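Read-outs: derived from the displayed coordinates by stated rules, not from any lab. If you're wondering where the values come from, they're calculated on a predicted model, not measured in any experiment. Methodologically, a virtual Cβ is constructed for each residue, glycine included, from the backbone with ideal geometry; neighbour enumeration extends over all protein chains shown.
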Amino acid sequence: MPQLKERPSALLDAAPRSRRDSSYALLEDLDSRDRRRSTGVGIVLTIVVWLLCFWLFNQLITRISEQHAAGTASAATRPKPKFDIELQDDSFEMPQKPPPPPQQFVETNPDAPENIPDKTNNFAAQNQQAAQEKPDPTGKNDRAATEGKKDWESNQIVSGELRQPTIPIPPAPPPTPEVQPDKAVNQPPPVQREQVPLTGDQKIQGDSASGYGMTDIKPPDHTTAKPNPDLDQLIKGTPNATDDTGLPQLTVPQIDPHHPQPRPRIAKNVRPAVLADNKIGTPNIGPSGYDAKWNNYGAYLQKFIDTVQIQWDDLNDKSKIYPPTGTKISVHFRIDSEGKIAEIIDTDGSNGGTQATRICISAITDRAPYGKWTDDMIAMLGDSQEMTFTFYYGMP
């Protein structure tokens, strides 16, 4: 019996122990999972914390840099130490910006006075300000009013002639035949010429407050008299008689200090022009003028144009073929900095014929080279410049 009682109790004790072991195993499994999860969460939190610390460190460095920059800017107003630098041989000279090219070339009036205008886009061979003989109170133009061809553009305000007129040389007189001694004609005796002695010095007489008193002795009114220091008396005769050479005695011109004669000046000529009909003038009074500023290019171009004009006129005078009235021939060419005509690019003048076109081209090329360009011209224009000259035949 006692054995029977013990078996059930052993069975009863065995059953709960197995269940307890399985419970223990389950709890241990859960603990290991929790530990692994905690480890992963810790790693993630560690990474987040490091990233946050790196961001905060970056913000701190940025703030410090900004404060340093602000401090440097505020220190700019403080006096700084000075030192000198000496450059040698202009080795470090900064390149200068080339001046802008000129805009509009005009031909000024050479008889107008030089005057620098206030503001203008025109350039020429001399400084000149717009003016005209009869001012236009309502006009505000940069050039004088002109009467000419309507619907026509021209850069000239005066017209003239460059070539001086040819003075005909009179023929030499025929040789005088020699008179034989036996055939000599009785000639009248020479006419006695009046001669007046020297007038002498001034005659001083009387007293004055300054200590001098004098009266001028008026010389005799013998304008044709020839002073003779060896002559003591007046020799009567004809005042206008010829001298020993047979030529009449020259008279000395009388000078009036109250009415001085105008100073002689060299006449300046301008080339022929086809003026435009321009009704709007300028309120400035004076010889006809343009608003223009002088530069080397303007002076060079004016001389170039005048030379071509003279050569063109000479070639037309020598030519036996003259194109029809109203013929217009344009020559497009390129001139280099040496003053040479580098290339004839194109010509336009079919109505003038081949002969007239050749004359226009020769007028440009025959007198070349036209002189080297200055440094400022090369800076503005480069090594060459294209131009177009237009020649008109028989224009009004």
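Whole number please: convex hull volume per residue, Cα atoms of segment 298-392, in Å³. Walk me through the numbers before you get to the answer.
Details: hull volume 8.3 nm³, N = 95.
Roughly 88 Å³ of hull volume per residue.
How much length would be gained if the chain were fully extended between Ala368 and Asp151, taking 0.36 nm per residue of separation minus their Cα-Cα distance, in nm to one decimal?
Working: separation 217, 0.36 × 217 = 78.12 nm, distance 3.39 nm.
Full extension from Ala368 to Asp151 adds 74.7 nm.
Among Lys150, Lys279, which comes first, second and so on when ranked by fewest other beta-carbon atoms within 10 Å? It would help to have the intermediate numbers written out before the result.
Details: Lys150 7, Lys279 10.
Ascending Cβ contact count within 10 Å gives the list Lys150, Lys279.
Label-point separation (nm) for Asp376 and Glu114, each offset 7 Å from Cα along Cα-to-Cβ?
1.3
May I have the count of lysine pairs in segment 298-392 with C-alpha atoms under 26 Å apart, counting pairs 8 or more residues apart or located on different chains?
Final tally of qualifying lysine pairs is 9.
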